[in-house]
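Down below is the structure, laid out as structure tokens.
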Amino acid sequence: MIAVLKSSATPQQVANLAEWFEKQGIRVNETKGEYCTVLGLIGDTTRVDMDLLQGLDIIESVTRISDPFKKANRKFHPEDTIVDIGGVKVGGGNFVVMAGPCSVESEEQIVETAKAVKAAGATLLRGGAFKPRTSPYDFQGLKEEGLKLLIKAREATGLPIVTEIMSEDQLPYFDDIDCLQVGARNMQNYELLKALGKIDKPILLKRGLSATMKELLMSAEYIMAEGNSNVILCERGIRTYETYTRNTFDLSAVPMLKELTHLPVVADPSHATGKASLIKPMSMAATVSGADGLEIEVHPCPSKALSDGAQSLTPEQFAGVMEAINKCRTVL
Ligand code: PEP
Ligand code: MN
């Protein structure tokens with residue numbers, strides 16, 4: 001349920017009302033907007049007397065919300081959430097490009113890529129250290145060593161880093177990481193989501209391979225319900241019957257999610273298409289769809305990449321994509 005308060009409501013009146021709800025076992029999520037204050041009410045609100053509430057002179061309106069996601073819901077929090085990743089803001093008009101290799105492979109590879117993507121205009125460095133691979137026989141990532149190399153690349157360039165965490169046991173290694181990615185395969189790993197809700201670092205939550213938007217939002221809710229609101233959603237393609245592309249890029253999810261939630265929504269054309277030749281057009285399309293940012297795989301030599309070479313761009317190709325994205329941003 002949400003209660004929109006009149007702008008004339010005093011802080012004391014708001015506090016009294018919140019206390020009245022809390023006494024009935026209802027949690028109150030207060031959002032102060034420019035023009036009004038919204039109280040998001042979470043819990044069993046079935047016994048709340050709607051007529052009594054509507055009659056209070058500080059109440060503008062009261063609405064029951066049937067959506068199962070509450071904290072992530074835009075109705076609860078009408079203004080865009082802005083997430084800060086090591087000083088780089090995402091959301092609320094702040095557009096980011098996170099770029100880098102699928103996997104961190106060596107110091108030279110990650111530092112060289114970080115410098116190249118920064119020169120082209122990327123604002124965040126991505127790179128996988130713990131890799132969720134479909135086959136157990138494929139390269140599984142450099143793990144803790146990979147995280148250390150990412151930190152070296154951050155020292156060399158100043159770019160904050162985004163990297164995947166696969167289980168809550170790995171959390172101690174991520175103390176010095178700016179943004180933790182939850183990969184598509186872990187979108188419904190609820191124990192991991194709950195653990196990430198108890199820290200305050202930004203979380204990049206990728207849509208599951210066959211997840212609906214509602215399931216993605218419910219996974220964000222798991223993180224937020226534990227207290228961490230620094231969640232960024234990522235559309236990275238979903239599994240369909242199509243085989244020419246690795247996945248089907250569901251770009252309609254970007255504006256749809258932005259209607260449903262106040263959280264930033266970014267898009268990943270690399271995993272969505274699986275093909276380097278499609279990254280430029282789909283990056284442009286994702287930008288124009290209203291995404292708050294893009295995640296793009298870049299490798300100094302894609303043919304030698306230990307993972308996802310077919311969808312990785314060379315630094316030169318990436319620079320061309322950045323130019324195209326910047327042009328698209330001017331029409332928004
Ligand atoms: C990745 O970003 O390298 C990755 C594994 O992505 P996803 O979880 O979307 O497949
Ligand atoms: Mn990858």
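Observations
- Only protein atoms count toward the accessible area here, which uses a 1.4 Å probe; on the stretch 79-236, the carbon and sulfur part of that area reaches 48 percent.
- Cα-derived Rg to Rh of the stretch 74-165, Kirkwood definition: 1.06
- Largest-first ordering by accessible area, 1.4 Å probe, given options 301, 328: 301, 328
- All Cα pairs of the chain, percent lying beyond 38 Å: 19
- Residue of 169, 80, 49 that the Gaussian network model of the chain assigns the largest fluctuation, springs spanning Cα pairs under 10 Å: 49
- Estimated FRET transfer efficiency (residue 20, residue 84; beta-carbon r; R0 35 Å; 0.05): 0.55
- Each Lys and Arg adds +1 at its Cβ and each Asp and Glu adds -1 at its Cβ; summed about the Cα centre, the stretch 142-204 shows a dipole of about 140 debye.
- Protection proxy ranking, peptides 14-22, 108-116, average beta carbon neighbours within 10 Å, highest first: 108-116, 14-22
- Looking at the stretch 196-278, the trypsin sites (Lys or Arg not before Pro) that sit in a DSSP loop and have at most 16 other Cβ atoms within 10 Å of their own Cβ are 198, 239, 275.
- This model, with +1 at the C-beta of Lys and Arg and -1 at the C-beta of Asp and Glu, gives the chain a dipole about its Cα centre of some 560 debye.
- The order of 283, 252, 303 by accessible area, most exposed first and with a 1.4 Å probe, is 303, 252, 283.
- For the stretch 146-295, the solvent-accessible area works out to 37 Å² per residue, with a probe of 1.4 Å and every protein chain left in place.
- Positive-end residue of 135, 102, 240, charge dipole of the chain with Cβ unit charges: 240
- Calculated FRET efficiency for the pair residue 65/residue 215, C-beta based, R₀ 22 Å, to 0.05: 0.75
- Estimated inter-spin distance, residue 252 and residue 47, nm [label 7 Å along Cα→Cβ]: 4.3
- Per principal axis, descending, Cα span of the stretch 244-301 in whole Å: 38, 24, 15
- Against the empirical 2.2 N^0.38 Å (N residues), the stretch 145-298 has a Cα radius of gyration ratio of 1.02.
- Convex hull of Cα atoms in the stretch 173-241, direction-averaged projection (nm²): 4.4
- Label-to-label distance for residue 303 and residue 7 is 6.4 nm, based on points extended 7 Å past Cα in the beta-carbon direction.
- Restricted to Cα atoms, the stretch 287-332 shows a radius of gyration and a Dmax of 12.4, 37 angstrom.
- Working value for the stretch 1-143: equivalent-ellipsoid semi-axes of 47, 19, 11 Å, each the square root of 5 times a Cα gyration tensor eigenvalue, largest first.
- Size of the stretch 216-332 as Cα extents on the principal axes (Å, biggest first): 43, 33, 28
- The heavy atoms of residue 200 present about 120 square angstrom of accessible area, all protein chains included, probe 1.4 Å.
- Prolate/oblate/rounded label for the stretch 28-73 (Cα gyration tensor, a/c 1.5): oblate
- Measuring against 29 Å, Cα to Cα, the residue pairs 70/206; 70/201; 152/258; 118/304; 6/258; 118/148 contain 152/258 as the ones spanning a longer distance.
- Relative contact order (%) - criterion: Cα under 8 Å, at least six apart; region: the stretch 129-202: 26
- When the chain is described by a simple charge dipole with +1 on each Lys and Arg Cβ and -1 on each Asp and Glu Cβ, the residue from 231, 188, 328 located farthest towards its positive end is 328.
- Sequence of 32, 131 when ordered by accessible area, the most exposed leading, probe 1.4 angstrom: 32, 131
- Under the span-like rule (Cα at least 15 Å along the axis, Kyte-Doolittle mean at least -1.0), DSSP H helices of the chain: 11-23, 107-120, 144-157, 213-225, 315-330
- Each of residue 35 and residue 330 was given a label point 7 Å from its Cα along the Cα-to-Cβ line. The distance between the two points is 3.3 nm.
The values are calculated or read from the model by the stated rules, or taken from the named source; none is laboratory data. Everything quoted here is computed from the prediction, not taken from an experiment. Every residue, glycine among them, receives a Cβ derived from its backbone with ideal geometry; neighbour counts consider all protein chains shown. Heads up: the accessible areas ignore ligands, DNA and RNA and are worked out on the full protein's heavy atoms, side chains in. Shrake-Rupley method; radii C 1.70, N 1.55, O 1.52, S 1.80 Å.
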